[in-house]
Amino acid sequence: MKQTAVSKIAEMNGKEATVNGWLYNKRSSGKLWFLIIRDGTGILQAVVSKNDVAAGVFLDCDRVTQESSVQVTGLVHEDRRSPGGYELQVRDMRLLQIAQEYPITPKEHGSAFLMDHRHLWLRSSKQTAILRIRHEIIRACRDFFDSNGFTLVDAPIFTPNACEGTSTLFETDYFGEKAYLTQSGQLYMEAAAMAVGKAYCFGPTFRAEKSKTRRHLTEFWMIEPEVAYLDLDGDMDLAEAFVAYIVRRVLKSREQELKVLERDTAPLEKISAPFPRLSYDEAAEMLKGQSTGFTYGSDFGAPDETLISGKFEKPVLVHRYPAAVKAFYMKKDPKDPSKALCVDMLAPEGVGEIIGGGQREDDYDTLVAAIQKHGLPMEPFEWYLDLRRYGSVPHSGFGLGIERTVGWICGIPHVRETIPFPRLMHRLTP
RNA sequence: UCCGGAGUAGCUCAAUGGUAGAGCGGGUGGCUGUUAACCACUAGGCUGGGGGUUCGAGUCCCUCCUCCGGAGCCA
């Protein structure tokens, strides 16, 4: 089927072109129809004059409804009055299917209604732009690791145990045994890093927590690098180079989509390494006298993160949290064993945490003690302990949440719009 | 799970305890340059469910359901 993408319509100026798409909107003026057609790459105004087309075609203009699939053929020409600067003077039109009354109108809708029609909502220009930026971010993630000596190692989705013992996991019946949907591929990436040196995984992760906020999904995508012979400082170097690369890539390749989203790119232009780094103690100092309800020794809450990240134009790396509030596999700071060698990256503009990671405990005895201290069963971790029995080395890694990153870069406050089909506490469909 | 908010036409929302309405969308008609076009006409309702107060309830009370925002937890 010979066709021209709307995004390439300028190249056909003065020539005849066929555009395959869907009717976005239409206006009439008696003997004249303006059909606004979208094809996923852009929006084109097609003009139908009664004198230029067969009678049936002109009648079809009256019958065609919003989101009907249409194929229009005609002469492309420049016209300042047309959105996009070009329009198609229609010679012929084929109606592939007349859409039933389309639920999503050009007027406003509530988020619940739009989410119920997510499969159709994806057709709107903003949602399409978000999909494309998400794609670009994922490509950038892969390119960054692929060109820096990393090997993609896929982690399993079914896991036999609640690996960190903290989060609520989704339980499934696995041939009569209990199995859980993964909350992180990290432990497996540690095994992979001991094999290939630098490994990463990218896949869905699941949390059964009954969270109802703009930052939470029950199913989300995470990219997790893990590197042998890397300490916390090196881990932070890696994280900031990685995030800076992603932002640069999107700014360079998805200018058009950012424009559709009306994203102010000025704050993104400022994102380059190095990022500010501060310790938990320094961050806690900033919260003194604030009314966020923060108490020293506990993890930061959402208002705390907003306050801390709000003081910087770049993402900020907060390191060395109290070991008591972090997972068992975090290595303790030799200079202060009450702290863990971990790091969170808080994105600016009130976005908050997009990365969590750190250096892992590599000493066998210390790790065994940590598992016991956290009240976790030893048996499921025997394979993990093997990594400390056979050639243990310092190693570090982190996990980046794709949806929060997409939300930050797109300027979309709620993560439910950053994934094609979000899974939330109250949403399993479509 | 806790705290707050909302359920009225297909959608977005109005309506002092006293006749349920508008805009958009749909339908019909009009217009040769429209820009979320415009103009005229028109159809469309178990006011989330159940119970109560009242002469009278969309409105007040109780209860349940659904959804939204936030907290905790996290990416």
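The values are calculated or read from the model by the stated rules, or taken from the named source; none is laboratory data. Since the model is a prediction, treat every value here as computed from it, not as a measurement. Methodologically, a virtual Cβ is constructed for each residue, glycine included, from the backbone with ideal geometry; neighbour enumeration extends over all protein chains shown.
Of all the residues in the range A:38-57, those that are free of Cβ contacts under 8 Å to residues at least 40 places away in the same chain and either more than 10 Å from RNA strand B (Cβ to nearest atom) or not assigned by TED's automatic domain parsing to the domain that holds A:Glu87 (or both) number 6. Is it the case that the range A:227-246 has a residue that's of a type in the set (A, V, I, L, M), farther than 28 Å from A:Ser396 by Cβ, more than 17 Å from the chain's Cα centre (by Cα) and surrounded by 15 or more Cβ atoms within 10 Å (Cβ to Cβ)? No, the range A:227-246 contains no residue that is of a type in the set (A, V, I, L, M), farther than 28 Å from A:Ser396 by Cβ, more than 17 Å from the chain's Cα centre (by Cα) and surrounded by 15 or more Cβ atoms within 10 Å (Cβ to Cβ). Taking first residues from the range A:387-402 that are buried (at least 18 other Cβ atoms within 10 Å of the Cβ) and partners that are of a type in the set (Lys, Arg), the Cβ contacts under 6 Å between residues at least 6 apart in sequence or on separate chains come to A:His395/A:Arg360.
Of the helices (runs of 4 or more DSSP H) that lie entirely inside the range A:247-310, those containing 2 or more residues that are exposed (fewer than 15 other Cβ atoms within 10 Å of the Cβ) span A:255-260, A:266-269, A:280-286. Scanning the range A:311-337 for residues being at pLDDT 90 or above and not in a loop (DSSP other than H, G, I, E, B) gives a total of 11.
Counting only helices (runs of 4 or more DSSP H) that sit completely within the range A:338-430, those holding 1 or more residues that are within 22 Å of A:Glu240 (Cα to Cα) and within 16 Å of RNA strand B (Cβ to nearest atom) correspond to A:402-410.
Scanning the range A:209-219 for residues that are near RNA strand B (Cβ under 7 Å from one of its atoms) and in contact with a Pro (Cβ under 7 Å, 6 or more places away or on another chain) yields A:Arg214, A:Leu217.
Candidates are the residues of the range A:288-320 that are more than 26 Å from the chain's Cα centre (by Cα) and aromatic (Phe, Trp, Tyr); the one that is nearest to RNA strand B (Cβ to nearest atom) is A:Phe294. Here A:Leu217 clears all of (1) surrounded by fewer than 21 Cβ atoms within 10 Å (Cβ to Cβ); (2) part of a loop (DSSP other than H, G, I, E, B) except the condition numbered (1).
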